[in-house]
Every structure is written in structure tokens, then in C-alpha cells.
Amino acid sequence: MREAPDLGLLIEAARAAGPVAMRHFRASPRSWDKAGDQGPVSEADLEVNAVLEAHLRGARPDYGWLSEESEEDPARLTAERVFIVDPIDGTRAFLQGTSAFSHALAVVHNGVVEAAVVYLPAQERLYAAALGAGATLNGAPIHVSGAQSLTGADVLATKPTFLPDHWPGGVPDVNRAHRPSLAYRLCLVAQGRFDALVTVRDAWEWDIAAGCLIAAEAGGIATDATGAPIRFNARWPRHPGCFAAPRQIHAALMRHRGG
């Protein structure tokens, strides 16, 4: 992969965060539920967030900051570049002792993701991408699957995603699987291990920013659930779902969505 501005910094920060998460992994860290039914958070999430913020903002103090575990900073809306970070994507899995949690880091420039890293420290998997430079897993190039037909495709999605109400054109005939971290799911599509990622629930930017670039740079299409491109660093950083797949599979999913 051609070296890109900020990608090396994201890789360094993710690798610095890994040991912090692993120190708490399967060690019963303190955890509690967020207000507003926003799911669990743990002391590990907060420690990883602090490490990432110190590493990233220490190196780029003029960049904005959007993290799941930080207070909202309106200054990000006027910053030319913004870090969008999920310190631990898949906190429930982390607390249950499951290894499929990740650190998801992205740099966004005027709404477009320029550099991205998704790192699974418990599995030693580091996915990375830079805009226009391709995507890698542990330094080796990756590409989306060569699937041509939606029928029988392997799709990452929750069970409720395939309720008929979401598919006016008919529920697709696919093989469904699931993984805890949305960022990781996007990377599994980028890697070609699954043919698509589908979620119709609103998706926070910190969950999808990094994975969307990695999937796109691996040759896929990544959009919201309506098929529209996603502009990141929005005032309300939540979007109507996320679909990622090779071009033909994505187009077929959209036909089923549209009726």
C-alpha cells in the first residue's frame, strides 16, 4: 500500500491501544450501562479512548475529535480534518471474553474518509486503508469476494435485518451470519470472507467510518441503507444503516430494498 498522510499515525495509535485493552480482556473490568439505552461501557473503553486521544491529538492538535467515549466537541464541525474513533467496537463481546472486538480509527477530510485502521488485538488482525491506495490485512492486499449472485450469498447481518418490512422487493435468499463488531464485519467483507454486510439500524459514524473506507478500497461499495454515499463528520453523526458488498451484490440488495 502506498503510504498516505496519517495512516502510519493511525497504525501506531491502534497498536499502542491494543495492550491496554488486552490488560482488561477476560479480567472482569468494571462496566456499566450508558444512559439512553446506548449499551455498555467499561473502564477499558475509557482507558483506550484516553490512549488514542493522547496519541492522535498529541500528533495532530489541529484535527477535530469525534469518539464514542468522549464528550461532544462542536469544534470538530469546523475542523478541516477530524479523527473519528471507536475505542472498543464490540464492547459486549469484549466483556463476554469474545475476541471479535476492535479498535476503529479514521481520519476524515471534508466528509470523506482518507485513512482508516481496524485492529483486533486479541486476534492480531490489523486492517488498514488509505484513499486511492487499496486495503490490507497485516500488510497483505485484500479484496472483496468475486460473488456475482445475491442468491446464496454469505451476508453478515442480525436476524431482524431480514424481516419482510425492510425488503419491499422481497427478502433476499442468502446465508446469514453475524459477528459482534460492526467495524470488523465491514473488514470481513473487504477481505472476501463474506459477500456483504447489511444493517438497517441507524449506524454511528465511529462504528462505520473506518470499515467503510477499508471495504471500498478493497473493491466494494459502502453506502447507507438507502444506497446513498455517506458523508462523515455530520452534525448528528448517525446514518440510516450501512450496506457494503461487491458492486453486483450491492446493486442486487438495493433492488430488493426498493421494491
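The values are calculated or read from the model by the stated rules, or taken from the named source; none is laboratory data. Please read these numbers as outputs of a predicted model, since none were measured by experiment. A quick note on method: Cβ atoms are made from the backbone with ideal geometry, for glycine too, and the neighbour counts reach across all protein chains shown.
Brief remarks on what is shown
- The strands (runs of 3 or more DSSP E) found wholly in segment 1-95 and carrying at least 3 residues that are among the charged types (D, E, K, R) and either modelled with pLDDT of 95 or more or touching a Cys at 6+ places or on another chain (Cβ under 9 Å) (or both) occupy 81-89.
- Considering segment 9-45, the residues that are of a type in the set (D, E, K, R) and touching a residue at least 40 places away in the same chain (Cβ under 8 Å) include one that is surrounded by the most Cβ atoms within 10 Å (Cβ to Cβ), namely 45.
- Yes/no for residue 258 being in contact (Cβ under 8 Å) with a residue 60 or more places away in the chain, over 13 Å from residue 154 (Cα atoms) and small (Gly, Ala, Ser): yes
- The requirement of being under 17 Å from residue 6 (Cβ atoms) and in contact (Cβ under 8 Å) with a residue 24 or more places away in the chain is satisfied by residue 83.
- Members of segment 226-250 found to be among the small types (Gly, Ala, Ser) and within 15 Å of residue 189 (Cβ to Cβ), listed by number: 241, 244, 245
- Here is the figure for segment 117-176: residues that are under 29 Å from residue 15 (Cα atoms) and of a type in the set (Lys, Arg) total 1.
- For the criterion of being in a loop (DSSP other than H, G, I, E, B) and within 27 Å of residue 139 (Cα to Cα), residue 214 fails.
- Identity of the residue in segment 170-190, surrounded by 13 or more Cβ atoms within 10 Å (Cβ to Cβ) and not aliphatic (A, V, I, L, M), that ends up nearest to residue 145 (Cα to Cα): 187
- Annotation: residue 152 fulfils all but one of (1) of a type outside the set (Phe, Trp, Tyr); (2) in contact with a strand residue (DSSP E or B) (Cβ under 9 Å, 6 or more places away or on another chain); (3) buried (at least 18 other Cβ atoms within 10 Å of the Cβ); the unmet one is (3).
- Within segment 121-139, one or more residues are part of a loop (DSSP other than H, G, I, E, B) and crowded, with 21+ Cβ neighbours inside 10 Å.
- Any chance residue 92 is farther than 24 Å from residue 235 by Cα, surrounded by fewer than 16 Cβ atoms within 10 Å (Cβ to Cβ), among the charged types (D, E, K, R) and touching an Asp or Glu at 6+ places or on another chain (Cβ under 6 Å): no
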